[in-house]
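Below is one structure, written out as C-alpha coordinates, with a few remarks after it.
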Amino acid sequence: MLRFLKPLITACALAAGVAHAAYPDRPVTLVVPYAPGGAADAVARVVATRLGARLGTSVIVDNKAGASGTIGAGYVAKASPDGYTMLYDATPYSINPHLFPKMPYAANALQPLSLVMLAPNVLVVKADAPFKNVGDLIAKAKAQPGKINFASGGSGTVQRLAAELFRQQLGLDMVHVPYKSGGPAITDVMGGQVDFMFGTVAATYPHVSGGKLRALAVSAPARSKRLPDVPTVAETAIPGYEAFEWNGVFLPAGTPEPVAAKLQQALQEVLKEDEVKQRLADMGAQPVGSTPAEFAAFLKKEDGKWGEVVRKGNIKLD
(Lines give C-alpha, C1' and ligand atoms only; values in the text may rest on other atoms or scores of the structure.)
Protein backbone atom coordinates (compact mmCIF):
# COMPACT_ATOMS: atom_id res chain seq x y z
CA MET A 1 0.00 0.00 0.00
CA LEU A 2 2.81 2.42 0.92
CA ARG A 3 4.46 2.04 -2.49
CA PHE A 4 1.23 3.28 -4.11
CA LEU A 5 0.95 6.20 -1.67
CA LYS A 6 4.52 7.43 -2.14
CA PRO A 7 3.99 8.74 -5.69
CA LEU A 8 0.80 10.46 -4.53
CA ILE A 9 2.55 12.11 -1.58
CA THR A 10 5.42 13.21 -3.82
CA ALA A 11 2.99 14.65 -6.37
CA CYS A 12 1.15 16.58 -3.68
CA ALA A 13 4.39 17.96 -2.29
CA LEU A 14 5.49 19.05 -5.77
CA ALA A 15 2.11 20.66 -6.41
CA ALA A 16 2.36 22.57 -3.13
CA GLY A 17 5.86 23.69 -4.03
CA VAL A 18 4.67 24.94 -7.41
CA ALA A 19 1.78 26.80 -5.75
CA HIS A 20 4.14 28.50 -3.33
CA ALA A 21 6.58 29.33 -6.13
CA ALA A 22 3.75 30.96 -8.10
CA TYR A 23 2.73 33.11 -5.14
CA PRO A 24 1.36 35.69 -5.51
CA ASP A 25 -0.89 35.18 -8.52
CA ARG A 26 -3.52 37.72 -7.46
CA PRO A 27 -3.67 40.96 -5.44
CA VAL A 28 -2.67 40.92 -1.77
CA THR A 29 -4.65 42.80 0.88
CA LEU A 30 -2.84 44.75 3.61
CA VAL A 31 -5.31 45.44 6.41
CA VAL A 32 -4.68 48.61 8.41
CA PRO A 33 -6.81 48.49 11.58
CA TYR A 34 -6.92 52.29 11.90
CA ALA A 35 -8.65 55.11 10.05
CA PRO A 36 -7.29 56.53 6.79
CA GLY A 37 -5.02 59.54 7.19
CA GLY A 38 -3.32 58.46 10.41
CA ALA A 39 0.39 57.78 10.88
CA ALA A 40 0.15 53.99 10.48
CA ASP A 41 -2.04 54.36 7.41
CA ALA A 42 0.40 56.81 5.80
CA VAL A 43 3.38 54.48 6.21
CA ALA A 44 1.36 51.41 5.19
CA ARG A 45 0.48 53.04 1.87
CA VAL A 46 4.13 53.79 1.13
CA VAL A 47 5.07 50.20 2.00
CA ALA A 48 2.14 48.70 0.06
CA THR A 49 3.02 50.47 -3.18
CA ARG A 50 6.65 49.38 -3.12
CA LEU A 51 5.86 45.88 -1.83
CA GLY A 52 3.47 45.35 -4.71
CA ALA A 53 6.20 46.33 -7.15
CA ARG A 54 8.56 43.82 -5.56
CA LEU A 55 5.99 41.02 -5.59
CA GLY A 56 4.72 41.73 -9.10
CA THR A 57 1.13 42.29 -8.02
CA SER A 58 -1.08 44.89 -6.35
CA VAL A 59 -1.00 45.27 -2.57
CA ILE A 60 -4.28 46.89 -1.62
CA VAL A 61 -4.62 48.79 1.66
CA ASP A 62 -7.91 48.02 3.40
CA ASN A 63 -8.76 50.15 6.46
CA LYS A 64 -10.80 48.26 9.06
CA ALA A 65 -10.76 50.71 11.94
CA GLY A 66 -12.35 50.44 15.37
CA ALA A 67 -11.79 49.31 18.95
CA SER A 68 -8.17 50.51 19.04
CA GLY A 69 -7.19 48.31 16.13
CA THR A 70 -8.64 45.05 17.45
CA ILE A 71 -11.38 44.81 14.79
CA GLY A 72 -8.94 44.80 11.89
CA ALA A 73 -6.50 42.54 13.70
CA GLY A 74 -9.31 40.12 14.48
CA TYR A 75 -10.33 40.07 10.82
CA VAL A 76 -6.83 39.08 9.71
CA ALA A 77 -6.54 36.52 12.51
CA LYS A 78 -9.56 34.71 11.01
CA ALA A 79 -8.42 35.05 7.39
CA SER A 80 -7.10 32.16 5.31
CA PRO A 81 -3.37 31.66 6.03
CA ASP A 82 -2.36 31.81 2.38
CA GLY A 83 -0.37 35.07 2.27
CA TYR A 84 -3.12 37.05 0.56
CA THR A 85 -4.26 38.85 3.71
CA MET A 86 -1.75 40.64 5.93
CA LEU A 87 -2.04 42.92 8.95
CA TYR A 88 -0.21 46.24 9.25
CA ASP A 89 -0.44 47.05 12.96
CA ALA A 90 1.16 49.49 15.38
CA THR A 91 1.96 50.04 19.07
CA PRO A 92 -1.64 49.51 20.32
CA TYR A 93 -1.19 45.84 19.36
CA SER A 94 1.04 45.49 22.46
CA ILE A 95 -1.21 47.61 24.67
CA ASN A 96 -4.70 46.30 23.85
CA PRO A 97 -4.41 42.91 25.62
CA HIS A 98 -3.88 44.79 28.91
CA LEU A 99 -6.88 47.09 28.44
CA PHE A 100 -9.58 44.94 26.85
CA PRO A 101 -11.26 42.41 29.14
CA LYS A 102 -11.50 40.02 26.18
CA MET A 103 -9.66 40.19 22.88
CA PRO A 104 -11.54 39.22 19.67
CA TYR A 105 -8.80 36.80 18.66
CA ALA A 106 -6.43 34.35 20.33
CA ALA A 107 -2.92 35.48 21.23
CA ASN A 108 -1.40 32.93 18.85
CA ALA A 109 -3.78 33.63 15.94
CA LEU A 110 -1.30 35.99 14.27
CA GLN A 111 2.35 35.37 13.46
CA PRO A 112 4.89 38.23 13.36
CA LEU A 113 6.52 38.80 9.98
CA SER A 114 8.66 41.93 10.31
CA LEU A 115 9.07 45.11 12.29
CA VAL A 116 8.76 47.93 9.75
CA MET A 117 9.71 51.12 11.54
CA LEU A 118 10.32 52.84 14.86
CA ALA A 119 9.55 56.48 15.68
CA PRO A 120 10.04 58.37 18.95
CA ASN A 121 7.47 60.53 20.63
CA VAL A 122 8.25 64.12 21.53
CA LEU A 123 7.49 65.80 24.85
CA VAL A 124 6.09 69.19 23.83
CA VAL A 125 4.77 72.25 25.67
CA LYS A 126 3.35 75.59 24.53
CA ALA A 127 6.05 77.71 22.90
CA ASP A 128 5.95 80.37 25.64
CA ALA A 129 5.45 77.95 28.55
CA PRO A 130 7.65 78.55 31.60
CA PHE A 131 9.30 75.14 31.09
CA LYS A 132 12.57 75.63 29.21
CA ASN A 133 13.63 72.01 29.68
CA VAL A 134 12.46 68.72 31.16
CA GLY A 135 14.03 69.62 34.51
CA ASP A 136 11.76 72.66 34.80
CA LEU A 137 8.68 70.54 34.16
CA ILE A 138 9.72 67.94 36.72
CA ALA A 139 10.51 70.59 39.33
CA LYS A 140 7.07 72.18 38.89
CA ALA A 141 5.34 68.81 39.13
CA LYS A 142 7.21 67.99 42.35
CA ALA A 143 6.50 71.40 43.86
CA GLN A 144 2.80 71.33 42.98
CA PRO A 145 1.48 67.74 43.05
CA GLY A 146 -1.66 67.26 40.99
CA LYS A 147 -1.37 70.66 39.31
CA ILE A 148 0.46 69.65 36.12
CA ASN A 149 -1.68 67.95 33.46
CA PHE A 150 -0.90 66.15 30.24
CA ALA A 151 -2.94 65.45 27.12
CA SER A 152 -3.27 62.40 24.91
CA GLY A 153 -5.41 61.07 22.10
CA GLY A 154 -6.94 58.46 24.43
CA SER A 155 -6.15 56.05 27.25
CA GLY A 156 -5.00 53.23 24.98
CA THR A 157 -2.56 55.31 22.95
CA VAL A 158 1.19 55.13 23.28
CA GLN A 159 1.19 58.91 23.85
CA ARG A 160 -0.80 58.36 27.03
CA LEU A 161 1.36 55.47 28.14
CA ALA A 162 4.60 57.29 27.29
CA ALA A 163 3.53 60.07 29.65
CA GLU A 164 2.38 57.53 32.24
CA LEU A 165 5.74 55.75 32.06
CA PHE A 166 7.42 59.14 32.54
CA ARG A 167 5.17 59.90 35.53
CA GLN A 168 5.61 56.49 37.15
CA GLN A 169 9.37 56.37 36.82
CA LEU A 170 9.72 59.81 38.41
CA GLY A 171 7.03 59.25 41.04
CA LEU A 172 5.09 62.35 39.98
CA ASP A 173 1.46 63.24 40.69
CA MET A 174 0.06 64.54 37.39
CA VAL A 175 -3.40 64.59 35.80
CA HIS A 176 -4.26 62.94 32.48
CA VAL A 177 -6.59 64.80 30.11
CA PRO A 178 -7.83 62.43 27.37
CA TYR A 179 -9.02 63.57 23.95
CA LYS A 180 -10.73 61.66 21.15
CA SER A 181 -7.64 62.00 18.95
CA GLY A 182 -4.19 63.55 18.90
CA GLY A 183 -5.15 66.62 16.86
CA PRO A 184 -7.36 68.29 19.49
CA ALA A 185 -4.83 67.37 22.18
CA ILE A 186 -2.06 69.20 20.31
CA THR A 187 -4.35 72.19 19.79
CA ASP A 188 -5.00 72.53 23.52
CA VAL A 189 -1.31 72.20 24.38
CA MET A 190 -0.60 75.03 21.92
CA GLY A 191 -3.39 77.03 23.53
CA GLY A 192 -2.08 76.46 27.04
CA GLN A 193 -5.17 74.59 28.27
CA VAL A 194 -2.96 71.56 28.93
CA ASP A 195 0.64 71.68 30.13
CA PHE A 196 2.29 69.04 27.97
CA MET A 197 1.93 65.89 25.93
CA PHE A 198 3.95 63.23 24.17
CA GLY A 199 3.15 63.44 20.46
CA THR A 200 4.50 61.90 17.29
CA VAL A 201 7.28 63.67 15.43
CA ALA A 202 5.10 63.82 12.31
CA ALA A 203 2.24 65.56 14.15
CA THR A 204 4.27 67.92 16.34
CA TYR A 205 7.18 68.90 14.10
CA PRO A 206 5.24 71.45 11.99
CA HIS A 207 4.16 73.26 15.17
CA VAL A 208 7.63 73.09 16.70
CA SER A 209 9.26 74.48 13.56
CA GLY A 210 6.43 77.02 13.28
CA GLY A 211 7.09 78.35 16.76
CA LYS A 212 3.83 77.26 18.39
CA LEU A 213 5.26 74.35 20.41
CA ARG A 214 8.53 73.83 22.24
CA ALA A 215 10.08 70.35 22.12
CA LEU A 216 11.68 69.43 25.44
CA ALA A 217 12.73 65.83 24.84
CA VAL A 218 12.29 62.79 22.62
CA SER A 219 11.38 59.36 23.93
CA ALA A 220 13.94 57.28 21.98
CA PRO A 221 17.35 56.26 23.37
CA ALA A 222 19.04 58.41 20.69
CA ARG A 223 18.17 61.87 19.41
CA SER A 224 15.89 62.23 16.41
CA LYS A 225 17.48 63.24 13.11
CA ARG A 226 14.38 65.38 12.57
CA LEU A 227 15.02 67.21 15.88
CA PRO A 228 18.78 66.87 16.43
CA ASP A 229 18.99 69.66 19.02
CA VAL A 230 16.32 68.15 21.26
CA PRO A 231 17.73 65.88 23.99
CA THR A 232 16.29 62.52 24.95
CA VAL A 233 14.34 61.80 28.12
CA ALA A 234 17.03 59.22 28.91
CA GLU A 235 19.88 61.74 28.84
CA THR A 236 18.03 64.47 30.73
CA ALA A 237 15.87 62.77 33.33
CA ILE A 238 15.39 58.97 33.27
CA PRO A 239 18.28 56.72 32.16
CA GLY A 240 16.99 53.88 30.02
CA TYR A 241 13.64 55.53 29.26
CA GLU A 242 12.18 54.70 25.85
CA ALA A 243 8.71 54.75 24.33
CA PHE A 244 8.42 54.07 20.63
CA GLU A 245 5.73 54.25 18.03
CA TRP A 246 6.24 51.11 15.99
CA ASN A 247 4.68 49.57 12.91
CA GLY A 248 4.92 45.95 11.88
CA VAL A 249 3.43 43.32 9.59
CA PHE A 250 1.67 40.15 10.73
CA LEU A 251 0.21 37.11 8.96
CA PRO A 252 -2.54 34.70 9.97
CA ALA A 253 -0.98 31.87 11.96
CA GLY A 254 -0.17 28.86 9.83
CA THR A 255 0.89 30.76 6.71
CA PRO A 256 3.22 28.43 4.73
CA GLU A 257 6.90 29.12 5.38
CA PRO A 258 7.82 29.64 1.70
CA VAL A 259 5.12 32.29 1.37
CA ALA A 260 6.09 34.02 4.63
CA ALA A 261 9.76 33.95 3.62
CA LYS A 262 8.99 35.52 0.24
CA LEU A 263 6.98 38.30 1.87
CA GLN A 264 9.62 38.95 4.51
CA GLN A 265 12.41 39.15 1.95
CA ALA A 266 10.41 41.53 -0.26
CA LEU A 267 9.61 43.71 2.74
CA GLN A 268 13.27 43.83 3.75
CA GLU A 269 14.16 45.02 0.25
CA VAL A 270 11.43 47.67 0.30
CA LEU A 271 12.75 49.12 3.57
CA LYS A 272 16.22 49.49 2.04
CA GLU A 273 14.97 51.62 -0.85
CA ASP A 274 16.19 55.22 -0.70
CA GLU A 275 12.75 56.63 -1.49
CA VAL A 276 11.13 54.67 1.34
CA LYS A 277 13.88 55.60 3.81
CA GLN A 278 13.44 59.26 2.93
CA ARG A 279 9.66 59.12 3.28
CA LEU A 280 10.03 57.56 6.72
CA ALA A 281 12.70 60.09 7.72
CA ASP A 282 10.31 62.91 6.78
CA MET A 283 7.88 61.40 9.29
CA GLY A 284 10.56 61.23 11.96
CA ALA A 285 10.77 57.44 11.68
CA GLN A 286 13.52 54.99 10.91
CA PRO A 287 13.05 51.82 8.83
CA VAL A 288 13.91 48.56 10.57
CA GLY A 289 13.18 45.34 8.75
CA SER A 290 13.60 42.27 10.94
CA THR A 291 13.25 38.52 10.98
CA PRO A 292 10.05 37.04 12.44
CA ALA A 293 12.07 35.87 15.48
CA GLU A 294 13.50 39.35 16.07
CA PHE A 295 10.06 40.89 15.76
CA ALA A 296 8.62 38.33 18.19
CA ALA A 297 11.33 39.17 20.75
CA PHE A 298 10.59 42.88 20.33
CA LEU A 299 6.86 42.28 20.85
CA LYS A 300 7.54 40.28 24.03
CA LYS A 301 9.53 43.20 25.45
CA GLU A 302 6.84 45.72 24.49
CA ASP A 303 4.10 43.55 25.98
CA GLY A 304 5.93 43.32 29.30
CA LYS A 305 6.67 47.04 29.49
CA TRP A 306 3.20 48.32 28.66
CA GLY A 307 1.47 45.64 30.70
CA GLU A 308 3.33 46.83 33.80
CA VAL A 309 2.54 50.49 33.07
CA VAL A 310 -1.17 49.72 32.66
CA ARG A 311 -1.30 47.72 35.89
CA LYS A 312 0.66 50.20 37.99
CA GLY A 313 -1.38 53.12 36.65
CA ASN A 314 -4.70 51.27 36.90
CA ILE A 315 -5.41 52.50 33.36
CA LYS A 316 -8.81 51.81 31.87
CA LEU A 317 -10.29 52.47 28.45
CA ASP A 318 -12.05 55.85 28.11
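Name the single residue that is modelled with the lowest pLDDT among those in region 225-270 being in a strand (DSSP E or B) and under 17 Å from the mean Cα position of the chain (by Cα).
Keep residues of region 225-270 that are in a strand (DSSP E or B), which gives 227, 232, 244-252.
With under 17 Å from the mean Cα position of the chain (by Cα) added as a condition, the list becomes 244-251.
Numbers: Phe244: 91, Glu245: 94, Trp246: 97, Asn247: 98, Gly248: 98, Val249: 98, Phe250: 98, Leu251: 98.
Within region 225-270, the match that is modelled with the lowest pLDDT is Phe244.
The single residue among Ala65, Ala107, Ala53 that is free of Cβ contacts under 8 Å to residues at least 12 places away in the same chain, open to solvent by 30 Å² or more (accessible area, probe 1.4 Å), in contact with a Pro (Cβ under 9 Å, 6 or more places away or on another chain) and not aromatic (Phe, Trp, Tyr) turns out to be Ala107.
Conditions (1) within 30 Å of Ala22 (Cα to Cα); (2) open to solvent by 50 Å² or more (accessible area, probe 1.4 Å); (3) of a type in the set (D, E, K, R); (4) free of Cβ contacts under 8 Å to residues at least 12 places away in the same chain, marked per residue:
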{"site": "Ala185", "(1), (2), (3), (4)": "no, no, no, no"}
{"site": "Pro221", "(1), (2), (3), (4)": "no, yes, no, no"}
{"site": "Pro231", "(1), (2), (3), (4)": "no, no, no, no"}
{"site": "Val249", "(1), (2), (3), (4)": "yes, no, no, no"}
{"site": "Glu257", "(1), (2), (3), (4)": "yes, yes, yes, yes"}
{"site": "Val270", "(1), (2), (3), (4)": "yes, no, no, no"}
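Taken together, Ala253, Ala261 contain a single residue that is touching a residue at least 60 places away in the same chain (Cβ under 8 Å) and surrounded by fewer than 22 Cβ atoms within 10 Å (Cβ to Cβ), which is Ala253.
In the list Gly192, Gly146, which residue meets the criterion of being touching a residue at least 60 places away in the same chain (Cβ under 8 Å) and on the phi > 0 side of the Ramachandran plot?
Gly192
Just one of the numbered conditions (1) under 30 Å from Pro24 (Cβ atoms); (2) in contact (Cβ under 8 Å) with a residue 12 or more places away in the chain is not true of Gln278: (2). Looking across region 132-156 at every residue that is outside any loop (DSSP other than H, G, I, E, B) and among the aliphatic types (A, V, I, L, M), the one that is most open to solvent (accessible area, probe 1.4 Å) is identified as Ala143. Is it true that Ala129 is part of a loop (DSSP other than H, G, I, E, B), modelled with pLDDT of 95 or more, under 26 Å from Val189 (Cβ atoms) and in contact with a strand residue (DSSP E or B) (Cβ under 7 Å, 6 or more places away or on another chain)? So Ala129 fits the description; yes. Here region 195-219 is the region considered, the condition is being in a helix (DSSP H, G or I) and in contact (Cβ under 8 Å) with a residue 24 or more places away in the chain, and the residue that is nearest to Arg279 (Cα to Cα) is Ala202.
Each row is one residue, and each column tells you yes or no for (1) among the polar types (S, T, N, Q); (2) touching a Gly at 6+ places or on another chain (Cβ under 9 Å).
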{"site": "Glu235", "(1), (2)": "no, no"}
{"site": "Leu251", "(1), (2)": "no, yes"}
{"site": "Thr255", "(1), (2)": "yes, yes"}
{"site": "Leu267", "(1), (2)": "no, yes"}
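Just one of the listed residues (Leu161, Leu165) is within 17 Å of Val201 (Cα to Cα), in contact with a helix residue (DSSP H, G or I) (Cβ under 7 Å, 6 or more places away or on another chain) and part of a helix (DSSP H, G or I), and it is Leu161.
The values are calculated or read from the model by the stated rules, or taken from the named source; none is laboratory data. For clarity, every value in this text was computed on a predicted model and none was experimentally measured. Glycine gets a Cβ as well: all are built from the backbone with ideal geometry, and neighbour counts include every protein chain shown. SASA here: full protein model, heavy atoms, side chains in, ligands and nucleic acids out. Shrake-Rupley method; radii C 1.70, N 1.55, O 1.52, S 1.80 Å.
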